[in-house]
Amino acid sequence: MFHNQSGKRIINHLAANKEKMDREKTIKCIAIIGGTGKEGKGLAFRWIKAGYSVIIGSREKQKAENAAKEVALLASPEITGNVIAAENSNAVKKADIVVLTIPYQFHSEMLNRIKPDMNGKYLLDVTVPLVPPKVSIVQLPHEGSAALQAQAILGENARVISAFQNISFELLLGDNPIECDVLVTGVDAQAREVGLKLVKDAGLVGWDAGPLENSIIAEGLTSILIRLNKNYQVHSSGIKITGISR
């Protein structure tokens, strides 16, 4: 959490530069780092059907190309956007927003790799700090959450949003309505608006869950859902907010 002077300086700097980083009306191209994985392909599938241009990023260009072809074929003929492949660094450079969907063990390494190309961009972090083999037990990093860790690493270079931690890839890759809701946290209200729009365009209901510190709860819920899936022999348990008009 941002309880030290360095963290406060980062937050103050971000707030002072909102106009420079105001991209919510111009987001047309999304880079998904970790896009060759199941969660990444599921989000790509949803967003190209909504008309976005999506870049599947990977360390291996051929692996990214294979994933892009798979997603395009799955979405056809309903595809209204487009999906291409690129090496991670090029994907980040070309995109308006970067989405991170990688295993937690590679989280800090990848953030440091893409940091030089993140200036002025949003990062939507989908990462959950699961620590095998005890993935059904909540184990959060010392920063508080993966999203808080991302903001600490990227610093002034980016504004971090956290979302989609509690949605199964199996649901994302299908055409049926998804009954699970999405909690969206972010470093400021503007960032959360960006996240909420991407959730809506993916065909889900999102809720403004407040500042990035609250990502601790959303990330922790994933381990609980994994345990529920196992205990009740299901694949896609989720959460749904009640008591609020939709």
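Throughout, read-outs are computed from the coordinates displayed, never taken from laboratory work. Keep in mind it's a predicted model, so treat the numbers as computed, not measured. For neighbour counting, all protein chains shown are included, and Cβ atoms are generated from backbone atoms with ideal geometry for every residue, glycine included.
Can you sort Met110, Met118 by how many other beta carbons sit within 10 Å, fewest first? Could the numbers behind the result be given before it?
Values: Met110 20, Met118 23.
Taking fewest neighbouring Cβ atoms as first place, the list is Met110, Met118.
Counting pairs of alpha carbon atoms under 8 Å apart in space and at least six apart in sequence, what relative contact order in percent does region 85-225 give? Each step should come with its number before you reach the end.
Values: 256 pairs, mean separation 33.9, N = 141.
Reported as a whole number, the value is 24 percent.
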If R0 = 25 Å, then Leu73 and Glu179, at their Cβ-Cβ distance, give a FRET efficiency to the nearest 0.05 of 0.40
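Kindly flag which residue pairs out of Lys38/Lys200; Lys93/Lys200; Lys200/Lys230; Lys200/Lys240 have an alpha-carbon separation exceeding 22 Å in this structure.
Values: Lys38/Lys200 20 Å; Lys93/Lys200 25 Å; Lys200/Lys230 29 Å; Lys200/Lys240 15 Å.
From Lys38/Lys200; Lys93/Lys200; Lys200/Lys230; Lys200/Lys240, over 22 Å: Lys93/Lys200; Lys200/Lys230.
Would you please classify the overall shape of region 201-241 from the alpha carbon gyration tensor, given that a ≥ b ≥ c denote the square roots of the eigenvalues, rounded means a/c under 1.5, and beyond that prolate means a/b larger than b/c while oblate covers the rest? Intermediate results must be reported in sequence, preceding the final value.
Working: a/c = 3.19, a/b = 1.47, b/c = 2.17.
Taking the square roots of the gyration eigenvalues as a ≥ b ≥ c, region 201-241 is oblate.
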For region 66-166, evaluate the Debye formula with one uniform point scatterer on each Cα (no solvent term) and list log10 I(q)/I(0) at q = 0.23 Å⁻¹, rounded to two decimals. -1.20
Let me see the P(r) profile for region 17-114: every Cα-Cα distance counted, bins of 10 Å, each bin given as a percent of all pairs. 18, 50, 27, 5, 0
Mind listing the phi-derived Karplus ³J(HN,Hα) values for region 89-98, rounded to whole Hz, using 6.51, -1.76 and 1.60 with θ = phi - 60°, and x for any glycine or proline? 4, 5, 4, 5, 4, 7, 8, 7, 9, 10
Once Lys and Arg are counted +1 and Asp and Glu -1 for all other residues with Cβ under 12 Å from that of Glu109, the total becomes +3
Hey, with R₀ at 45 Å, roughly what FRET efficiency would Lys61 and Ile244 work out to, going by the Cβ-Cβ distance, to 0.05? 0.50
For volume of the Cα convex hull per residue in Å³, pick the label among (1) 125; (2) 140; (3) 207 that corresponds to the value derived from the coordinates. (1)
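Does region 124-197 come out rounded, prolate or oblate, given a ≥ b ≥ c as the square roots of the eigenvalues of its C-alpha gyration tensor, rounded meaning a/c under 1.5 and, failing that, prolate meaning a/b above b/c? Walk me through the numbers on the way to the answer.
On the way: a/c = 2.55, a/b = 1.14, b/c = 2.23.
It comes out oblate by the Cα gyration axes.
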Most exposed to least, judged by fewest other Cβ atoms within 10 Å, His142, His107 sort to His142, His107
For the peptides 158-170, 120-132, what is the packing order when you average, over each peptide's residues, the other Cβ atoms within 10 Å and list the highest mean first? 158-170, 120-132
Label-point separation in nm, Ile217 to Gln233, each point 7 Å along Cα→Cβ: 3.3 nm
Label-point gap, in nm, between Thr80 and Asn112 - each point 7 angstrom along Cα→Cβ: 4.2 nm
Amide H partners (placed H, <5 Å) of Ile161, local residues excluded: Leu123, Leu124, Asp125
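Show that you can apply the helix-only estimate: for the chain, add -39,500 (n - 2.57) for every DSSP H stretch of four or more residues, divide by all residues, and state [θ] at 222 nm to the nearest 500.
Numbers: 9 runs with 97 residues, N = 246.
About -12000 deg cm²/dmol.
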Stretched out fully, how many nm does the piece from Thr26 to Ile137 gain, at 0.36 nm a residue minus the Cα gap? 36.1 nm
